[in-house]
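Chemist: I'd like to ask some things about the structure below.
The values are calculated or read from the model by the stated rules, or taken from the named source; none is laboratory data. Treat the numbers as computed from the prediction; the structure is a model and nothing was measured. Counting neighbours? That spans all protein chains shown, and the Cβs are built from the backbone with ideal geometry, glycine included.
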Amino acid sequence: MPDDVQNLLPLTPTVFHMLLALADGEKHGYGIMKSVEDETQGQMQIRTGSLYGSIRRMIEGGLIEEKSERPDPELDDERRRYYGLTDFGRRVLTAEAERISQALLVIQKKHVLGGV
Amino acid sequence: MRDRLVISERIYQALLYLYPKAFRMIYGEQMRQTFRDACRATYRGKGVIGLLGLWMPTLFDLFKTAFEERTRQGEIAMSKTRLIGLAGPLTLLVGGLWLASAVGDAAFQTGVVRDEALLGLAALPFFLSFIPLLFALLGTRLRFQGSAGAAGRFGLMLSVTGSAGVIVCVLASILSGMLSQDAGQVSWLNYAAVVCVLSIRIGFILFGVDALVTRPLPRWNLLPLLLGLSVLLSLPLEWFGVPAFLPAEWANSFLHFAFTGVCWVLLGFVMLEPGRERQPVGVG
């Protein structure tokens, strides 16, 4: 498993938002898709093909993993697969968030957003 | 509602066969479920129009990612370079098929051929043309992704999606016709096919307008716009009737097919010429 967090930065917007969607808990494919759409106010919409292509790459990269336990087996289709962050994935997300936060500090300092 | 969603889901399930088997075995069922959830949510909120709106980008995404997965697994030897190289010959082929459609249609309209059984045969080149068109447009999109403007790139993406949509609609019509005895049940597929054909034209209008500014083709940069607008050629004849100096009623569709066919052929010739397209920086 790759262990050099910095080598993966900056993340692509798709990977970053998918990791962000999983930051508060495990989700199935549609849950990730919906979460990304909601959290970006509809600015980013991941289609099914891209979603599972990214899931495959992120599993291979050790960022996420399929979870064997289900949030509520009785209320859910047992064929659904849930995904969650790995420890490495969480460290990568944290590093990317710090990178963006630093950029945001510069943005605020230089008043790029106009009056902020 | 249920029928539309079930057909939608079945079409998507069938299209999943475009992905490599190994990928499909792991993610196929999940993709079907995810698409089903998206369809249900969209249909509840926005109805049939919303469903069509979901299908258009989904189709483009599906063809793109299936191609990527097959390339990644080494199942497709066709590189981007080869696909770009094939765009010209395939566009020529599309032109040829449209010209054949023009001749076939005129043969029936003028009564030269009267056998009803041959009517389907005459329409075949038109429907078949959408298969080479899909790959020709994919190659065109790849070739000009660095040299066309944002509107041109979006237009070509719309055209790729539209041609993929026509193929899906034709397949779905055949499938639905086999499954259902009620002909009215498949009428929405006809509307979807019209939307897809219009998407190809609108896409080419966008690409055409952009081409006049960015000039990505080696020459004849007006051609894409003419192709997009050729659908309008038949509208005045439809609305105001055929003028007396034109041979007969059949002139309408003949002119449309022939003019569009000639445009495709000319575009094909232009696409055979090597370009000096610049590639986008930092695209991985």
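Chemist: B:A38 is checked against (1) over 18 Å from B:C169 (Cβ atoms); (2) more than 8 Å from every other protein chain (Cβ to nearest Cβ); (3) crowded, with 20+ Cβ neighbours inside 10 Å and fails just one. What number does that condition carry?
Modeler: (2) is the only condition that B:A38 fails.
Chemist: Hey, does the range A:52-62 have a residue that's among the aliphatic types (A, V, I, L, M) and more than 13 Å from chain B (Cβ to nearest Cβ)?
Modeler: Going through the range A:52-62, the residues among the aliphatic types (A, V, I, L, M) turn out to be A:55, A:58-59.
Subset that is more than 13 Å from chain B (Cβ to nearest Cβ): none.
No - not one qualifying residue is present in the range A:52-62.
Chemist: Can you find a residue that is more than 9 Å from chain A (Cβ to nearest Cβ) and more than 23 Å from A:G53 (Cβ to Cβ) anywhere in the range B:18-34?
Modeler: Within the range B:18-34 (the criterion being more than 9 Å from chain A (Cβ to nearest Cβ) and more than 23 Å from A:G53 (Cβ to Cβ)), the answer is no, since none of the residues qualifies.
Chemist: Kindly indicate which of B:L62, B:L93, B:L99 is under 23 Å from A:T48 (Cβ atoms) and either in contact (Cβ under 8 Å) with a residue 12 or more places away in the chain or within 14 Å of chain A (Cβ to nearest Cβ) (or both).
Modeler: Values: B:L93 fails: under 23 Å from A:T48 (Cβ atoms); B:L99 fails: under 23 Å from A:T48 (Cβ atoms).
Residue meeting the stated conditions: B:L62.
Chemist: Exactly one condition in (1) closer than 22 Å to B:R32 by Cα; (2) within 13 Å of chain B (Cβ to nearest Cβ); (3) crowded, with 18+ Cβ neighbours inside 10 Å is false for A:R79; which is it?
Modeler: Looking at each condition in turn, A:R79 falls short on (3).
Chemist: Still on this structure: Quick check: is even one residue across the range B:68-77 among the hydrophobic types (A, V, I, L, M, F, W, C) and away from chain A (no Cβ under 13 Å)?
Modeler: Narrowing the range B:68-77 to residues among the hydrophobic types (A, V, I, L, M, F, W, C): B:76-77.
Subsequent filtering for residues that are away from chain A (no Cβ under 13 Å) retains B:76-77.
Within the range B:68-77, one or more residues are among the hydrophobic types (A, V, I, L, M, F, W, C) and away from chain A (no Cβ under 13 Å).
Chemist: Do the conditions hold for B:F108, that is, is it among the aromatic types (F, W, Y), part of a helix (DSSP H, G or I) and modelled with pLDDT under 80?
Modeler: yes
Chemist: Do we have any residue at all in the range B:3-21 that's among the β-branched types (V, I, T), surrounded by 15 or more Cβ atoms within 10 Å (Cβ to Cβ) and in contact (Cβ under 8 Å) with a residue 24 or more places away in the chain?
Modeler: Step one: filter the range B:3-21 for residues among the β-branched types (V, I, T), giving B:6-7, B:11.
Okay, now just the ones that are also surrounded by 15 or more Cβ atoms within 10 Å (Cβ to Cβ), so B:7, B:11.
Of the ones still in play, those that are also in contact (Cβ under 8 Å) with a residue 24 or more places away in the chain are B:7, B:11.
Within the range B:3-21, one or more residues are among the β-branched types (V, I, T), surrounded by 15 or more Cβ atoms within 10 Å (Cβ to Cβ) and in contact (Cβ under 8 Å) with a residue 24 or more places away in the chain.
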